[in-house]
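Reviewing the structure listed below.
The values are calculated or read from the model by the stated rules, or taken from the named source; none is laboratory data. The structure presented is a predicted model; accordingly, all values stated were derived computationally and were not measured. Please note: Cβ atoms are built from the backbone with ideal geometry, for glycine as well, and neighbour counts cover all protein chains shown.
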Amino acid sequence: MSAYLLRRLGQSLILLLIVSVIAFGVLHLAPGGPLAQFALTPGMTQADLARIAHQMGLDRPLPLQYWEWFHRMLDGDWGRSYRDNQPVLAVIGGHLPATLELMVSSTLIAVLIGTWVGVLGALRRYSVFDYLATVGAMVALSIPTFWFGLVVIYAFSVRLPWLPAGGMYTIGEGSFLDYLHHLIAPALVLALVTVAIWSRYMRSSMLEVIGQDYVRTARAKGMPERVVVLHHALRNALLPMIAIAGLQLPTLLGGALVTETVFTWPGMGRLFLDSIGYRDYPVLMGVLMVTALLVLIGNLGADLLYAVYDPRIRLD
Amino acid sequence: MIPASGSIDIAAPGRARPRLGRGTRRFVRHRLALLGLIAIVGLALAAAVGPYLDPYNDLHIDILHRFAPPFSGPHLLGTDQLGRDMLARLLMAGRVSLTVGFAAMILSTVVGTVVGVLAGYYGGVIGAVLMRFVDAVLCFPSIFLLLALAAFVQPNLVSITVIIAATAWMEVARVVEAQIRTLRDRDFAVAAVALGAPDRYIMFRELIPNAVAPIVVAATLNVARAILLESYISFLGYGIQPPVASWGNMLNNAQDYLATAPWLAILPGLAITLAVTGFNFVGDGLRDALDPRLDGR
């Protein structure tokens, strides 16, 4: 187990290294570069630009710049935002919780609805409900998240004045209830895709478990169907879903960026988009690294939790 | 990752009492694929021919007749905030969005296939390096990567297509790599090696033709993904630039007019959903038809 853990950790660290090279390359090889924003300032001369470039270390070879950045990153110094000179880690730390809250709440919604739909689909396989769930999931995966957000705003903020159209709090308010009220719409919108995915995997997982001997035994013992489904089947069918939850992180993060934009939710996705407008390279680099890190942790966590909870999986 | 692909159905063994029967189920699935195909062909035909039939020009600004609702006057689907005909804009946007989606699919499939074949055939260090690179790119949610790329290129049809392909080739590479790795050990491939056939010949003449089915499925689902990705970055303002219309950028001012002119938001979104659903249905049907191992669903 510990040998496996070490190997997986090592693989993840190597991946993270490649990830950082790719992110650095994407941002720094692009035309324009970090200097583009200064070049637009009126009265800026070539000499000024060269001086700024020198001060920022941008006139040195790229691999050297990467090496420098890499060293500082390991020391916890991720640079300072070009926009307000705040440390990048602090800027990201200020935006990450909002994104995580959004992701956690929509995952909860997805788990609740998706499990129900998936289990029912598996129990009533090939029924009308099962078909509708299958087709519905495929349509849900085809709907652009931001458009679904607009539709929800139109329906529940414009036509029916039930939900706020955006933001995290009403100005002048700050209660938890007010926050929850603002959270409903974006969490639902972000959950659309996750519900679809979760319900499909849940259905497959449940189908597999229902065919197992111990389920037949439980039924043969004359146990009530409810107990068989909830106690014997569902518990085991939920196990592989741990892995699915971990692997959903890239989808969730990408969806969060779009959802945050539509609902002006002050999370990391919005930060990323705003930073692109400002050509704020240190923040962009930081956000790319944090998202990749989250994805890697999700993958690793999925593997390990799965192994811990399912004694049939032997790691060596 | 953008969950454009409908590839969430995993095969599950185990028997349950079929209620409508497997044959019925297959028929329904394939009828969905047929519906999808009809939607795609319909949209493509409308985008290709429609602009010649619609009397309005998609770029003609008519401030006096802006915000005309659909089905209420000479403009069939109404007009937008500048008085441009919505139908004409939707049709022209369809040309752009479908073209980008299709071109990005071809590009990403070619890149993914080449990477997958090289990694699967040579294996060892080359395979490991290539596939770790694939893994690393997959660590970025594609919208983040796409925006980072989009912000720094001059946005036009070609560049948008290229960067979408750059964030969508990895899944194809994974599929192809796995396929080639198993095919490489099959008798016909071993025989080709024994006959002294050059690597290039074995890869492109012996192995790839046998891996066409999963490639076609992945490619179809990739069109859906590419259309979605284009709409995302265009909506966020970094994709196709106005006045050229794409389904995504038609939506980027629509939020401001939700209360008074909801059709500005509703119509382009319906077009995107229809096209993406169409490709997902077809991809799913193809997978059923081409992959006999998934019979037990």
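Computed quantities for the displayed model
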read-out	value
Every residue from segment A:107-127 that is closer than 9 Å to A:V195 by Cα and without any contact (Cβ under 8 Å) to a residue 60 or more places away in the chain	A:L112
Extreme residue, modelled with the lowest pLDDT, among residues of segment A:7-59 that are surrounded by 13 or more Cβ atoms within 10 Å (Cβ to Cβ) and of a type in the set (D, E, K, R)	A:D59
Checking B:T220 against (1) touching a Phe, Trp or Tyr at 6+ places or on another chain (Cβ under 7 Å); (2) within 10 Å of chain A (Cβ to nearest Cβ); (3) surrounded by 23 or more Cβ atoms within 10 Å (Cβ to Cβ), the condition it does not meet	(2)
Given (1) at pLDDT 85 or above; (2) part of a helix (DSSP H, G or I); (3) more than 9 Å from chain B (Cβ to nearest Cβ); (4) surrounded by fewer than 24 Cβ atoms within 10 Å (Cβ to Cβ), index of the condition A:I244 fails	(1)
Sole exception among (1) within 26 Å of A:T251 (Cα to Cα); (2) within 14 Å of chain A (Cβ to nearest Cβ); (3) out of contact with any Lys or Arg (no Cβ under 7 Å at 6 or more places or on another chain) for B:V96, by number	(2)
Residue that is nearest to B:D54 (Cα to Cα), among those in segment B:99-110 that are surrounded by fewer than 24 Cβ atoms within 10 Å (Cβ to Cβ) and hydrophobic (A, V, I, L, M, F, W, C)	B:F102
A:T291 being more than 8 Å from chain B (Cβ to nearest Cβ), within 15 Å of A:H95 (Cα to Cα) and either part of a helix (DSSP H, G or I) or at pLDDT below 90 (or both)	no
Qualifying residues in segment B:253-278 (those that are within 9 Å of chain A (Cβ to nearest Cβ) and farther than 16 Å from B:G101 by Cα) - the one nearest to the chain's Cα centre (by Cα)	B:L270
Any hit, segment B:223-239, residues being without any contact (Cβ under 8 Å) to a residue 40 or more places away in the chain and part of a loop (DSSP other than H, G, I, E, B)	yes
Elements of type helices (runs of 4 or more DSSP H) contained in segment A:116-226, each with 3 or more residues being more than 12 Å from chain B (Cβ to nearest Cβ) and buried (at least 23 other Cβ atoms within 10 Å of the Cβ)	A:176-210
B:A165 being in contact with a Ser or Thr (Cβ under 6 Å, 6 or more places away or on another chain), more than 14 Å from every other protein chain (Cβ to nearest Cβ) and closer than 30 Å to A:N299 by Cα	yes
Top-ranked residue of segment A:79-106 - restricted to ones that are in a loop (DSSP other than H, G, I, E, B) and without any contact (Cβ under 8 Å) to a residue 24 or more places away in the chain, ranked as surrounded by the most Cβ atoms within 10 Å (Cβ to Cβ)	A:Q86
Checking B:N156 against (1) more than 10 Å from chain A (Cβ to nearest Cβ); (2) touching a helix residue (DSSP H, G or I) at 6+ places or on another chain (Cβ under 9 Å); (3) among the polar types (S, T, N, Q), the condition it does not meet	(2)
The listed residue being in contact with a helix residue (DSSP H, G or I) (Cβ under 9 Å, 6 or more places away or on another chain), within 9 Å of another protein chain (Cβ to nearest Cβ), over 18 Å from A:A133 (Cβ atoms) and crowded, with 24+ Cβ neighbours inside 10 Å, out of A:G254, A:G267	A:G254
Out of B:A104, B:A88, B:A93, B:A168, sole residue that is under 15 Å from the mean Cα position of the chain (by Cα), part of a helix (DSSP H, G or I), among the small types (G, A, S) and over 22 Å from B:M203 (Cα atoms)	B:A104
Odd one out for A:T264, checked against (1) more than 15 Å from the chain's Cα centre (by Cα); (2) in a helix (DSSP H, G or I)	(2)
